[in-house]
Structure formats: structure tokens, C-alpha cells
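Below: the structure, in C-alpha cells.
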């Protein structure tokens, strides 16, 4: 006994989604975006959406914070979001993944975004909207980046800052010829993988 046309269409949609998700996962880049003690839920949702757009491996949220899934616009379904309780757990996670910590912060040691030379496998850490990043995390960073500003408000919204540094990183890879898929899109499946 066969299946109905509606069930057949549903099965095909599910199979197509599974293939696209596999293509997306094959194209993940060895970068992460992390938020420290974020206080505004919509910022986290937007950060997850940006991480998905740049094909980051993961988003790391440090501290006990809820976040607005609506702002992610379904990106949370495809992007791994990891919750860590504190500085120790965060630093251990970054080291275990072999990532380089890049703090995005106003600090005397910071390098201008325009001059920044990013390490391989960066984990971009963004500070809380009110108090920034703890000194211990700044001291542990391989690089501290500051986004130049000319207005009277001294810092950008966390989600905006995260988007800027992630795309600056990809832009610099592109300019040196090291960015795969510079026009965007998913990894093209090998001919043997096409059903």
C-alpha cells in the first residue's frame, strides 16, 4: 500500500531539509561568537542569527541569561548554542576547542578593528552591555579589538559589535584569498552525494 500525495510531499520536504542542513554543517567555519553576561535578550538572538549567517561553529553564552529566540529567526535551529556558567568554564571550553580568544572591548591594550590581524580559529568574546569584560578574560585574550567610533556614545550594541567583527574577519580572509565561498551559499555537494 502506497502513501498519500501529501505524505509523499512531506517526506520529500524533510529529506530536502536534512540535505541542506548537512551541507550547512559541512561548511561551518572554525570560529565562535561568545557573549559575556548579556543583559538584553534580543541582542543574544541577533548574535545567534549573525553566527548562523557567517557559518560559525557555535555561539557561547557565559552566565545565567535567558535569550529571545524570536530575534534569531530560526537560526537557533541550525546553530549550536552552548551555555557556560562562568569564566573558568569558558576559558576551559575555548582551550579545549583549540580556539584563540579575541576580546572585543574598549581597553588600553586594544587594537583598532581596521588594523587587527586575527589569529586562526578565533572566538570573538563580547562584553556585557553595562560593565564590559572582566580583567581576567581580557588578560587571557590573544587579541583585544576595539571598534573605532566618532560619536558621543562610547560603545555599540553587543549584537552590532559581534556582527561587525565577524564580518571584518571574513572580509580580511576574502581579501587574502583564504575565504571559501566568498559569495555566500552552502557547500556544494559532491556529485556522488546527489541522490
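We did not get these values from a lab; they are worked out from the coordinates using the rules stated. Here the structure is a predicted model, which is why all the values come from computation and not from measurement. Cβ coordinates were reconstructed from backbone atoms using ideal geometry, including for glycine residues, and neighbour counts include every protein chain displayed.
Run the numbers on the chain and let me know its relative contact order in percent, using alpha-carbon pairs under 8 Å that are six or more apart. It would help to have the intermediate numbers written out before the result.
Values: 294 pairs, mean separation 43.5, N = 195.
With pairs under 8 Å counted, the relative contact order is 22 percent.
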**OP:** Considering only DSSP beta bridges where both residues belong to the stretch 29-179, give the percentage that are antiparallel (nearest 5).
**Re:** 5 percent
Subject >> Of [x] 1, 7, 15, 20, 23, 19, 11, 4, 1, 0, 0; [y] 1, 7, 15, 18, 18, 14, 10, 6, 4, 3, 2, 1, 0, 0, 0; [z] 1, 7, 12, 15, 16, 14, 10, 7, 6, 5, 3, 2, 2, 1, 0, 0, the label for P(r) over Cα pairs in 5 Å bins from 0, in percent derived from the coordinates >> reply: [y]
Subject >> For the chain, calculated [θ]222 nm from helices alone, where every DSSP H run of n ≥ 4 adds -39500 (n - 2.57) >> reply: -11500 deg cm²/dmol
Original post:
Could you state the number of Å between the C-alpha centres of the stretch 154-189 and the stretch 90-139?
Top reply: 17 Å
Subject >> By average C-beta atoms within 10 angstrom, highest first, the peptides 43-55, 151-163 >> reply: 43-55, 151-163
Subject >> Most to least packed among 101-109, 77-85 [average Cβ atoms within 10 Å] >> reply: 101-109, 77-85
